[in-house]
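Peer 1: So that we are looking at the same thing, I have put the structure below in structure tokens.
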Amino acid sequence: MEDLGRSRRASSTRLAEAPGRLDFGDAAFQSRPWPLYEWYRQHDPVHWSPQAATFFAFGYGHVRHVLVSTEFGAHHPFRKSSRAFGVTVLDKDGEPHRTLRSRIAPPFRRPRSADFVDDAIVPLAKEMVRELVAEGHEDGVQRLAERLPMRIVCRLLGIADSHVEWLREKLRPLVLYVDHAPVSLEAVIQHRRELASFLVGERELTSPDGLLESLLGDKELSEAEAVSNLVLVLAAGTETTTAALGNLMLRLATEEGLLSTLKADPHTVPAAVAESLRLDPPLHWTLRFAHRDTKLGGVEIPGGAPVQVCVASANRDPEVFERPESWSLDRVQRPVPLTFGAGRHACLGMALARAELEAVACELAWTSQRLELPDSASAEISGRTFRTVPQLRLRVVPEPARL
């Protein structure tokens, strides 16, 4: 522990030189984190923060090691996500995690996922993008980013579209609570109970083969486990995708020539989506805990200690990605950016999320001449947990012949 003390004292000394502070509540950190990420990656990549009582890990190698190593895990009895959602795959490790993940995974695996992309994601994206372009409202892109992911997750679960707005309203306190907003745990519990009641008995099903019926009918799961994980799927499949859609549409509006390139060659759409997710990931941090006393980057980490890993810093690590701050459609995405995590807790829905973004980008390129930021609109990505442009507004100039 003496080495850990020296590491902590060294971190405190170096902190005085940093161009800011690691404070999730600080508005400057929420809107301009990149210089700070780079400074820590170079000077203090495994940093102990006495104020947060947490380790912070920066850079591709350290971040990926924490995500894939069995020395670290997601389980902690007092983690905020477990208080918000209950017992879910997000907060389990070992055999309980593997078992529960296997019950949830089938809709996310091929060939079912490929069929879902063709039958649900692409048609819904086309429908909603065409409505957006035809209506021409500057706040339409925000409505699209908020509603399309929820409609798609409802289709995945087998729930009718008529419940989309109610579900968004009931989920908001849970998401805000996890995002450290001033939402009481009592409000979270009340909304979760209402969601549970709906999922178990009051919903209008559109498909008996949806994930909802699959989990509730699984004899290996208790009803509480099934409901908690269904609520998690609803939240996880919407909030990060909403943020990612906003970041992508902002990039389509501000990256010179990008929309024209996608229009001329739709085969470049997957590369554009991948680069948007690398440069502007919707989630910058994920939390892990040391299972036992270990070392990371030469720093001793005591068993049970929390470690916040910065996937955003990993995605812009110059030791892995050439010219990491620059946008490039020709980039070889190897090693893989860590936007969706890595290892046993990697995002189950990553392929569907990419497909959703690709479908929107394809349709916007086909139906729009250009996307423009109104003079008064903000182009600043910010946030505490979910990073995007708050209340994004864009002017969509249509291709009249294609509507």
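Throughout, read-outs are computed from the coordinates displayed, never taken from laboratory work. The structure presented is a predicted model; accordingly, all values stated were derived computationally and were not measured. Methodologically, a virtual Cβ is constructed for each residue, glycine included, from the backbone with ideal geometry; neighbour enumeration extends over all protein chains shown.
Peer 1: Straight-line reach from Lys219: which aspartates and glutamates have a Cα under 20 Å away, not including same-chain ones fewer than 8 places off?
Peer 2: Leaving aside aspartates and glutamates fewer than 8 places away in the same chain, those within reach of Lys219 are Glu95, Asp209.
Peer 1: Restricting to DSSP H runs of at least four residues, report the calculated mean residue ellipticity at 222 nm for the chain, -39500 (n - 2.57) per run over all residues, nearest 500 deg cm²/dmol.
Peer 2: -15000 deg cm²/dmol
Peer 1: Separate question: If amide hydrogens are placed 1.01 Å from N in the peptide plane, which non-local residues have theirs closer than 5 Å to the one on Ile301?
Peer 2: Here Thr294, Lys295, Leu296 satisfy the definition.
Peer 1: How large is ³J(HN,Hα), in whole Hz, for each residue of segment 234-239 in order, when computed from phi with the Karplus curve 6.51 cos²θ - 1.76 cosθ + 1.60 and θ = phi - 60°, using x for Gly and Pro?
Peer 2: With the stated coefficients, segment 234-239 comes to 4, 6, 5, x, 10, 5 Hz.
Peer 1: Taking the convex hull of the Cα atoms, report for segment 2-402 its projected area averaged over all directions, in nm².
Peer 2: If you wrap the Cα atoms of segment 2-402 in a convex hull and average its projections, you get 19.7 nm².
Peer 1: Also, I was wondering about something else. Have a look at Leu392, Gly94, Thr261 and report the one farthest towards the positive end of the charge dipole of segment 2-402, computed about the Cα centre with Cβ charges (Lys/Arg +1, Asp/Glu -1).
Peer 2: Positive-most Cα among the choices belongs to Gly94.
Peer 1: Find how many whole Å separate the alpha carbon centroid of segment 25-42 from the alpha carbon centroid of segment 83-116.
Peer 2: If you average the Cα positions of each part, the centres end up 32 Å apart.
Peer 1: Per-residue HN-Hα couplings for segment 123-132, Karplus 6.51 cos²θ - 1.76 cosθ + 1.60 at θ = phi - 60°, whole Hz, x for Gly and Pro?
Peer 2: Working through the residues one at a time gives x, 5, 4, 4, 4, 6, 5, 5, 5, 4 Hz.
Peer 1: Cα centroid distance between segment 329-372 and segment 196-249, in Å?
Peer 2: Value for the Cα centre distance between the two parts: 22 Å.
Peer 1: Dipole magnitude of the chain about its Cα centre, charges +1 at Lys/Arg Cβ and -1 at Asp/Glu Cβ only, in debye to the nearest 20?
Peer 2: 780
Peer 1: Same structure again: Looking at segment 291-352, which trypsin sites (Lys or Arg not before Pro) are DSSP coil and have at most 10 other C-beta atoms within 10 Å of their C-beta?
Peer 2: The qualifying sites: there are none.
Peer 1: Using θ = phi - 60° and the Karplus curve 6.51 cos²θ - 1.76 cosθ + 1.60, what whole-Hz ³J(HN,Hα) does each residue of segment 365-375 get, with Gly and Pro shown as x?
Peer 2: 3J(HN,Hα) across segment 365-375, in whole Hz: 5, 6, 9, 10, 6, 6, 10, 10, 7, x, 3.
Peer 1: In what sequence do Met150, Met249 fall when counting other Cβ within 10 Å, fewest first?
Peer 2: Arranged by neighbour count, lowest to highest, Met150, Met249 become Met150, Met249.
Peer 1: Quick one: which residues, 5 or more positions from Leu283 or on another chain, have an amide H under 5 Å from its amide H? H modelled 1.01 Å from N in the peptide plane, none for Pro or chain starts.
Peer 2: Amide H neighbours of Leu283, under 5 Å, 5+ apart: Arg387.
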